[in-house]
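Please read the structure below before turning to the comments.
The values are calculated or read from the model by the stated rules, or taken from the named source; none is laboratory data. In this text the structure is predicted, and so the values were computed from the model without any measurement. All Cβ positions, even for glycine, are placed from backbone atoms using ideal geometry, and neighbour counts span all protein chains on display.
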Amino acid sequence: MANTFVRAAIVMAACLTAGCYNYAPLATVDPQPGTSLAVTLSDAGSESLMRSLGPEAFVVRGRYVGTDERGMLLAVTSVERRRGWVEPWSGETVALPADVIASTEVRRLAKGRSLLLAGAGVVGVVAVGSIALTGGGTDLGVANGPPGKR
């Protein structure tokens, strides 16, 4: 029984820490360092950054580091290619000049979807807890009687 409650607590914690995110247009010119961004490159920008980002880079995702004379500095976590596949990165810092950027979006918590996810987690925990407390079903040996000769 204690094991069931530990599992329920772990599921609850996972639901509370997990969340759904979406991207919205960046409202400020100079975001806070550490802000998660998705930077869409222009066609010319994709070509000019081929040496640092690889071929057909389309969307560069990562954490904003700052700005210097080279442009926006981003600790890259992934690069989405024009054909749709996403390549994970390990946080390497890349400079994105202003003239290669088509748009910049900030990653934000989607409150409604996150609450829905948390609610589904709570329902799951309650369901698991109620099954554990009630014994979880019927014992087929008792319900059908002992096996006999047929």
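Quick look at the values:
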| read-out | value |
| --- | --- |
| Single condition G45 does not satisfy, out of (1) surrounded by 15 or more Cβ atoms within 10 Å (Cβ to Cβ); (2) closer than 19 Å to V106 by Cα | (2) |
| Matching option when the condition is at pLDDT below 95 and in contact with a strand residue (DSSP E or B) (Cβ under 6 Å, 6 or more places away or on another chain), among R113, R82, R150, R61 | R82 |
